[in-house]
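Below you'll find the structure, written out as structure tokens, and then a few comments.
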Amino acid sequence: MAVKQACVLTITSVKGGTGKTTNVLNIAGLLSNINKKVLIIDLDLYTGGIACCLNIDNDKDLFLLVNDMNNNKFDYLENYIVKYSDNIDVIPSLIDPRDASKINSKYLNVIISKAKMKYDVVLIDTNHLLNDSNLVVFDNSDEILYFLSNDPVDLKNMKSMTSIFRDMDMDSYKIILNNSLLKTRHQFNNYDIKSIIKSKIDFILPKSFYEKNIDKYVLDGKIMTMDKNFIRKHKKEIESYTSFIEELLKKKVSSND
């Protein structure tokens, strides 16, 4: 009998400023709302912001975990996890970004493998670099979610990435156009974007999902998609976003059958 394992969703981008980390948290909130147990791994080794956005104490971090593995001091994954809520746990990124070079990517396979046995979903936040760590994570992911902005540099970079994926015959990724970043800057329509990146858009976060008070959520350490007022204000968008994520989870279940 097959052992149930978590769906691994890696959230990334091809440049900064696409709302990637905000949406890692939003997706965690959506999953928590449907009673899924989630682990967020912050693998943005230089500018990881998950712990900061959630106002959690990160005396435990990814470096401590990897360092203990490297020195045969590792015992249980739970000892390196920070709890945010009943359904959301976090492995924070590095307290000191100078430790980034000490993260041996071979241990990421072990960490993800252990996490998959304990959670429904593992969400991995990354930077936009194609470094060893990210490539290992990509190999361990059921889906890679690329957050894309309506920006010429972003679109050109995404075109290069989709070309690489085609060369690799790789299709385990989804492109999410984040139109909720700014209400005023939308240089290209959806047809233009698909023409530029040479790929379809799998999901669109609409302008109406824009939240002008996002900084307050960060200061308060709250996840927008778990806030009753935000949910009530964006009911239609929340339902659509949740359905998209649930379809990814169903794809994982069906692949295991």
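Full extension from residue 101 to residue 246: what is 0.36 nm times the residue separation minus their Cα-Cα distance, to one decimal in nm? Before the final figure, lay out each step's value.
On the way: separation 145, 0.36 × 145 = 52.20 nm, distance 3.55 nm.
Here the segment from residue 101 to residue 246 would lengthen by 48.6 nm.
Highest mobility in the GNM of the chain, judged by mean-square fluctuation with C-alpha springs under 10 Å and restricted to 81, 41, 231, is found for 231. Look at where the Cα atoms of segment 43-68 and of segment 83-146 average out, and the two centres are 11 Å apart. Karplus-based coupling profile of segment 235-246, in residue order and whole Hz: 4, 5, 5, 4, 4, 5, 4, 4, 4, 4, 5, 4, with θ = phi - 60° in 6.51 cos²θ - 1.76 cosθ + 1.60 and x standing for Gly or Pro.
Divide the volume of the convex hull around the Cα atoms of the chain by the residue count and you get 133 Å³ per residue.
Applying a 10 Å radius around every beta-carbon, put 82-88, 60-66 in order of their mean neighbour count, most first. Can you show the working numbers first?
On the way: 82-88: 16.9, 60-66: 21.4.
Output ranking for 82-88, 60-66: 60-66, 82-88.
Across segment 63-68, coupling constants 3J(HN,Hα) worked out from phi with the 6.51/-1.76/1.60 Karplus curve, θ = phi - 60°, read 5, 4, 4, 5, 5, 5 Hz, and Gly and Pro carry x.
In percent, rounded to a whole number, the relative contact order of segment 7-256 is 27, using alpha-carbon pairs under 8 Å and six or more apart. Under the shape rule built on the C-alpha gyration tensor, where the axes satisfy a ≥ b ≥ c, segment 102-154 is oblate, since a/c reaches at least 1.5 while a/b does not exceed b/c. At an R0 of 45 angstrom, the distance between the Cβ atoms of residue 212 and residue 78 translates into a FRET efficiency of 0.75.
When the chain is fully extended, how far beyond the present Cα-Cα distance does residue 37 get from residue 220, taking 0.36 nm per residue of separation? All intermediate terms of the calculation are to be shown ahead of the outcome.
Details: separation 183, 0.36 × 183 = 65.88 nm, distance 2.24 nm.
Extending this stretch completely gives an extra 63.6 nm.
Read-outs: derived from the displayed coordinates by stated rules, not from any lab. Owing to the predicted nature of the structure, the values given are computational and were not obtained by experimental measurement. Counting neighbours? That spans all protein chains shown, and the Cβs are built from the backbone with ideal geometry, glycine included.
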